[in-house]
Amino acid sequence: MADLIIEIKHVHKWFGRVHALDDVSLDVTAGEVLVIIGPSGSGKSTLLRSINHLEPVNSGDIIVDGIHLTGKSTDINAVRAEVGMVFQQFNLFPHLTAQQNITLAQCIVRKRTTGEAEKVARDLLDTVGIPEKADSYPSQLSGGQQQRVAIARALAMNPKIMLFDEPTSALDPEMIKEVLDVMLALAKSGMTMLVVTHEMGFARAAAQRIVFMDEGKVIEETTPDLLFTAPKHERTKLFLSKILEH
Amino acid sequence: MADPPTPAPPFTAGGMPVEHSRWTRFDRWWLLFFAVLAIVALLVYGVQPPYGDIFAFIKDGIVVTLQLTIVSFFFILIVGMLGGLGRVSGNRIIRGASSLYVEVVRGIPVLVWLLWIWYALPQLRDSLGNWVIGFAPGLGQMILDARIPAFTAAVVGFTVAYGAYMTEVFRAGIQSIPKGQMEAARSLGMRYIQAMRYIILPQAVRVILPPMGNEFVTLLKDSSLVSVLAVSDLTRRGREFVARSFLSFDTFTLVALIYLVMTLFFTRVTTSAERRMSVEKR
């Protein structure tokens, strides 16, 4: 495989007695959109968070853009600046406006001037469809708007990889589409994306590959079409029958 | 910091702005402050003797009390912030040292701290100096000559004692900020210290503003403890005036009223700062 941007090799993670990641191996190619599904507690969020070292793993190796995360001397902040992350609860900074949320890390991590950073912020707010909200505080925005600011905040760092940890799970139903639309556009632009989600419509439309996890293991790894039409494993079938029924 | 967003319009009834909206938003506890201030002014300038004489004698003490409180509080904030950061640190040694500091200092009364620094520390200095002078006369003499003024001793005493309380205030504030804030900051590539400086502490300070204001007012009152040192604060000046005039009732009543004016004032200032902060956050 050419252009591997993420290599995960035999990773184990324990939370006390819970085996959150059980010998997980996964490769991601540059430009690929990968969707991870699975029941809650299956380890999918933990896997995502281990890629930018928010959750250090106990053993195994994770290589992001050629850098070993598990190495002692690794500059983890350098890796994190290349990996954008979008959280279920948005995690916007409530004491800063939308624009300041987007400019802050640019100035202190990327060392951009205020002028440069603000231009990036305005362009990105335009891209996510809320240019008029630049001076609003997060508490003045709807959930969908907040999540779009959060996506813009991550994109402002010019990451090579974007991680989405259930980005629409905390949203009211009518706001899910506006966030998914932004993510779809991003997928079309060629961004490498790892998305933990229950939105099967998004998986079908955007994902090249879909991974089903359960109890800390990767159970099945295939294309969306094959997974939905011909799942191989019993556990995958059971899970799909539960989420696709309603 | 950006301009605060425009505040919400006043409550309206049937589309018409409610009258007296200024009055409803006015913090009425200011009236108590002005009332007490008026009583003090009336006593000092209206009733005159003996209050005019008492005030003339103790007014330097008011300045000393305010100086002592404000200077100490400045250092207390620094110690409290560093202590608070230490208490939530991932480094076991730093965390342990901060916790030990808090536990030891909190267990000793402020008055005893002041007495110890003012009376016990010089004895320690003399013993140390006399021992050192045996083999290093120059250095020994320097130690023996080291004198700290009473005011400085008081500031040090309050900083040590109140720094421990303030450490706990900061720790609680930092821990009240959701974990996701630190994660979001770190995921953008910020270092731990940067995330603290730009994301966590600015939010924590808003949370701890009320207990911080409370500590300030408590410190203002506890500053009267320095009258056991050679610091001529408001309380000590009052006692000195009583010693020469025997006007206990008039003197201590005036002293009490002056403390009340100061604490009411600073409580109000803290409250309005809280209000402004909460408007800005909306």
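Taken together, the values in this text are just the output of simple stated rules run on the coordinates, not laboratory data. Everything quoted here is computed from the prediction, not taken from an experiment. All Cβ positions, glycine included, derive from the backbone under ideal geometry; neighbour counts span all protein chains shown.
Measuring how big chain A is from its alpha-carbon positions, Rg and Dmax come out at 18.0, 55 Å.
Below 12 angstrom from the Cβ of residue B:244, what's the summed charge of the other residues (Lys, Arg +1; Asp, Glu -1)? Intermediate values should be presented prior to the final figure.
Details: positive: B:237, B:239; negative: B:53, B:240.
Value of the local net charge: 0.
Compute log10 of I(q)/I(0) for segment B:151-253 with the Debye formula, placing one identical point scatterer on every Cα and leaving out solvent, at q = 0.19, 0.25 Å⁻¹, to two decimals. Computed log10 I(q)/I(0) values: -0.94, -1.20.
Among all stretches of chain B without exposed chymotrypsin sites (Phe, Trp or Tyr not before Pro) (DSSP loop, at most 11 other Cβ atoms within 10 Å), which one is longest? Write out the running numbers ahead of the final one.
Values: sites that count: B:11, B:26, B:135, B:246.
Of all site-free stretches, the longest is B:136-245.
Annotation for residue B:148 and residue B:123: the two label points, set 7 Å from Cα along the Cα-Cβ direction, are 1.7 nm apart. Which residues does the label zone of residue A:189 cover in segment A:119-136, counting backbone N under 19 Å from a point 7 Å along Cα→Cβ? Flagged as within label range: A:119-134.
Here the spin labels are modelled as points 7 Å beyond Cα on the Cα-Cβ line, and at residue A:135 and residue B:97 they lie 4.6 nm apart.
Cross-link partners of residue A:232 among aspartates and glutamates, defined as those whose alpha carbon lies under 13 angstrom from its own and excluding same-chain residues fewer than eight positions apart: A:220, A:221.
If a/c stays under 1.5 just call it rounded; otherwise compare a/b with b/c (prolate if a/b is bigger, oblate if not). Do that for segment A:1-76, with a ≥ b ≥ c from the square roots of the Cα gyration tensor eigenvalues. It comes out oblate by the Cα gyration axes. What shape does chain B have by the C-alpha gyration tensor, where a ≥ b ≥ c are the square roots of the eigenvalues, rounded means a/c under 1.5, and otherwise prolate means a/b greater than b/c and oblate the rest? Here chain B falls in the oblate category.
Pairwise Cα distances in segment A:48-191 exceed 19 Å for 53 percent of all pairs.
Mind checking the full-extension length gain between residue A:223 and residue A:3? Use 0.36 nm per residue of separation minus the Cα-Cα distance, one decimal, nm. Write out the running numbers ahead of the final one.
Numbers: separation 220, 0.36 × 220 = 79.20 nm, distance 1.93 nm.
In short, 77.3 nm is gained.
Each Cα pair under 8 Å and six or more residues apart adds its separation to the average, and for segment A:107-176 the resulting relative contact order is 31 percent. Where a ≥ b ≥ c are the square roots of the eigenvalues of the C-alpha gyration tensor, would you call segment A:118-223 rounded, which needs a/c under 1.5, or, failing that, prolate if a/b is larger than b/c, or oblate? In terms of gyration-tensor shape, prolate.
Normalise the Cα radius of gyration of segment A:30-122 by 2.2 N^0.38 Å (N = residues in it) and let me know the number.
On the way: Rg = 15.8 Å, N = 93, 2.2 N^0.38 = 12.3 Å.
Normalised by 2.2 N^0.38 Å, the Cα Rg of segment A:30-122 equals 1.28.
With R₀ set to 51 Å, the beta-carbon distance separating residue A:208 from residue B:172 gives a calculated FRET efficiency near 0.60.
Note on the protein assembly as shown: Cα-only Rg and Dmax are 31.3, 101 Å. Counting only residues at least eight positions apart within a chain, or on another chain, the lysines with an alpha carbon under 25 Å from that of residue B:59 are B:221. Relative contact order, whole percent, for segment B:157-282 stands at 25, derived from Cα pairs under 8 Å and 6 or more residues apart. Expected output is a single nm value to one decimal: the length gained when fully extending between residue A:58 and residue A:244, i.e. 0.36 nm times separation in residues minus the C-alpha distance. What is it? Working it through step by step, the gained length comes to 63.5 nm. Please go through the residue pairs A:188/A:237; A:13/B:179; A:217/A:242; A:9/A:160; A:44/B:179 and name each one whose alpha carbons sit more than 23 Å apart in this structure. The answer is A:188/A:237.
For segment A:1-122, the relative contact order is 21 percent, taking Cα pairs closer than 8 Å that sit 6 or more residues apart in sequence and dividing their mean separation by the residue count.
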